[in-house]
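The values are calculated or read from the model by the stated rules, or taken from the named source; none is laboratory data. Bear in mind that the values here come from a model prediction, so they are computed numbers and not experimental data. Here the Cβ positions follow ideal geometry from the backbone for every residue, glycine too, while neighbour counts run over all protein chains shown. Ligands, DNA and RNA are excluded from the accessible area calculation, which covers all protein heavy atoms including side chains. Shrake-Rupley method; radii C 1.70, N 1.55, O 1.52, S 1.80 Å.
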Amino acid sequence: MASSSGKSALKNVLEIGCGIGDVTEPCFLPLLPRDIERYVCSDGSLTVLEAARTRFQGLEHIEFLELNIEKPIDKNLMSKFDRIISTFCFMYVNNQRQAYENIFNALIPGGDCWIVLSTNTSFFETLFRLAETSKWKNKLRNIHDILVFPYRNVPEPEKTAENLLKSIGFSDISVKIHDFPPEFDKAEDFRAILESFPNYFDLKKEELNEIVNDAMVVAMDLNVIKESYDPGKPVFHPNFQSIEIYAKKP
């Protein structure tokens, strides 16, 4: 991101999947140049977009846009942005090609994008594995529609992402994989993350508690919690793996 002082060619920025703005506020806004013309916060959910609007009320140059990145963008968004960014949104996007085509079309010539998404995490992996059991198979039958994670079972995610971007027309492509080791000291730390998830599958209250209990059993088997670490068992990989993508529109 450009410096916050002096003139910059960075005038119009679009963030895809801004959520409530809890990443936007500390990570992106402080890095914007002073002469920024507009920073557009977009999301597919009006509920979280309204929360972001409340958070940023009174700040200049910030706009809000309801945007489904999996559908072709409106003509009034084409060739409008110098930079497009997105953090941990694209792992929920099923139509990756359409999403990146939208980014390509929304960028001005010479504009660039920076996208970060997860390939998988140990806490989501517990749900994927429960979805394969007879107990939870029916309740979690649409798990791959909700938790898409398009690179979860891809042998070479960097090459897959790079080839997709090239086929769309991007240049100066950089795709990097980042692996993070297990950082769960106690079972309660892991459980707290599971309990913080939205009710993705419309489960009843008692079912939510039960699925967390079962997910904790899976977590122990994945061997990613330090207090129950078994040196005789392999540690699940990737515990938390992300892909960082940078590309330009020629």
> Going by alpha carbons, how many degrees (0 to 90, nearest 10) lie between the helix axis of 96-106 and the longest principal axis of the chain?
Replying inline: 20
> Expressed as an acute angle from 0 to 90° and rounded to the nearest 10, what is the orientation of the C-alpha long axis of helix 157-168 relative to the principal long axis of the chain?
Replying inline: 30
> What ranking, highest mean first, results for peptides 207-214, 221-228 when packing means the other Cβ atoms within 10 Å averaged over each residue?
Replying inline: 221-228, 207-214
> Once Rh is set to the Kirkwood radius over Cα pairs, what Stokes-Einstein translational diffusion coefficient, in µm²/s, holds for segment 1-121 at a temperature of 37 °C and a viscosity of 0.692 mPa s?
Replying inline: 225
> Setting aside same-chain residues fewer than 8 positions from residue 159, which lysines have a Cα under 29 Å from its Cα?
Replying inline: 71, 80, 176, 248, 249
> How far apart, in nm, are two points set 7 Å out from the Cα along the Cα-to-Cβ line at residue 167 and at residue 154?
Replying inline: 1.0
>> Can you compute the label reach from residue 95? Point 7 Å from Cα along the Cβ direction, backbone N cut-off under 16 Å, restricted to segment 106-121.
In response: 106
>> Just to check I understand the Karplus step: with θ = phi - 60° and J = 6.51 cos²θ - 1.76 cosθ + 1.60, what whole-Hz values come out for segment 111-127, glycine and proline as x?
In response: x, 9, 9, 9, 10, 10, 8, 8, 7, 5, 9, 5, 6, 6, 4, 4, 6
> Taking 0.36 nm per intervening residue step and subtracting the Cα-Cα distance, what contour gain separates residue 88 from residue 53 on full extension?
Replying inline: 10.6 nm
> If contacts are Cα pairs under 8 angstrom and at least 6 residues apart, what is the relative contact order of segment 166-250 in percent?
Replying inline: 57
> What is the sum of charges around residue 131, taking Lys and Arg as +1, Asp and Glu as -1, for the other residues whose C-beta is under 13 Å from the C-beta of residue 131?
Replying inline: +2
> When ligands, DNA and RNA are left out and all protein chains stay put, how many square angstrom of accessible area per residue does the chain have with a 1.4 Å probe?
Replying inline: 52
> Over the chain, what is the relative contact order in whole percent, taking alpha-carbon pairs under 8 Å and six or more residues apart?
Replying inline: 20
> Which peptide among 67-73, 195-201, 113-119, 169-175 comes first, and what is the full order, when sorted by highest mean count of other Cβ atoms within 10 Å?
Replying inline: 113-119, 67-73, 169-175, 195-201
> Cα axis of helix 187-196 to longest principal axis of the chain: angle in degrees, 0 to 90, nearest 10?
Replying inline: 50
>> Under the rule of at least 5 residues apart or a separate chain, name every residue whose amide H is placed under 5 Å from the amide H of residue 65.
In response: 41, 42, 43
> Where in segment 15-43 is the amide nitrogen less than 11 Å from a point lying 7 Å along the Cα-to-Cβ axis of residue 60?
Replying inline: 34-37
>> I want the local charge near residue 110. Using Cβ-Cβ distances under 14 Å, sum +1 for each Lys or Arg and -1 for each Asp or Glu among the other residues.
In response: +2
>> On a straight-distance basis, which lysines could pair with residue 186 in a cross-link, Cα separation under 29 angstrom, same-chain partners fewer than 8 positions away excluded?
In response: 135, 137, 139, 204, 205, 226, 233
> Ignoring ligands, DNA and RNA, what percent of the accessible area of the chain is carbon or sulfur (1.4 Å)?
Replying inline: 50
> What is the sum of charges around residue 242, taking Lys and Arg as +1, Asp and Glu as -1, for the other residues whose C-beta is under 11 Å from the C-beta of residue 242?
Replying inline: -1
> Share of antiparallel DSSP beta bridges in the chain, in percent to the nearest 5?
Replying inline: 45
>> Please state the shape class of the chain: rounded when a/c is under 1.5, otherwise prolate if a/b exceeds b/c and oblate if not, all from the C-alpha gyration tensor.
In response: prolate
